[in-house]
1. Step by step: first the residues of region 177-195, then only those that are aliphatic (A, V, I, L, M) and touching a residue at least 24 places away in the same chain (Cβ under 8 Å), then the one that is least open to solvent (accessible area, probe 1.4 Å). Which residue is that?
2. Need at least 2 residues that are in contact with a Leu (Cβ under 8 Å, 6 or more places away or on another chain) and surrounded by fewer than 13 Cβ atoms within 10 Å (Cβ to Cβ) per element, so show me which helices (runs of 4 or more DSSP H) inside region 64-165 make the cut, counting only ones lying wholly within it.
Amino acid sequence: MIKAATRITILTFLLLGVLGFSQEKKKFSSIPNILQQLNPSNRVNSWILVYNSYGKGQEIKISGKVDYTPQFSGFNLFPNEDSFYYIAYSEGGKVNYVTDVEGLKKFVDRIDNAQEAAVVLAAEGYMVDEEFKDLAGNYHEDQSNYYLDLGKLTSKECPYQKTHYTVTVNKSTGAVSNVKDNGTYIELYNKKCTNNPRLLKIEKKEEPKKDEPKKTPKRR
């Protein structure tokens, strides 16, 4: 009886530990920190991650020596018109560049962590929304999958709109097995939006009263 009770107690703690591990959500850190967690394929001898802001490049991750040429375009994991990232890497004695999210996906190759899963999903339009990490910038995991809460720009028209999703990524294959739509979490209108609800609520101004004709004074 004692042995049976002990086994049940151990199994209970193991189960609680697994459930606790799977439910613990962690917020992604900044975009530069996410990119620094990349672990490219063994074919890549060395690589450098460069952040370009307003025309000035800054090397934020150096893994080996690469003689590269500064690039004038690159990729973003979060919409930003004034800055971008690019990667210069050496493979087989040749210097190559990653300047878009599709190239970034190929550079990552096999997914080794949640950060790489988020980077790969950027090629599908998903993003870590640094302004709304509680909704679209966190993840949890279990023994089989990563569960990423990410944002996506779902409308560039009026209103500008973002939706958040929970994307399940298999750890072994890197395949997406499920996408859960959690709904819209931000809508932005501008003054030109004809469907702006604020404009629709504005009452029409009263038409100005017509001037009454002047009365001619009576002659005495």
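The values are calculated or read from the model by the stated rules, or taken from the named source; none is laboratory data. Keep in mind it's a predicted model, so treat the numbers as computed, not measured. No Cβ is skipped: glycine too gets one built from the backbone with ideal geometry, and neighbour counts run over all protein chains shown. Accessible surface is based on the protein model in full, side chains and every heavy atom, while ligands, DNA and RNA are left aside. Shrake-Rupley method; radii C 1.70, N 1.55, O 1.52, S 1.80 Å.
1. 186
2. none
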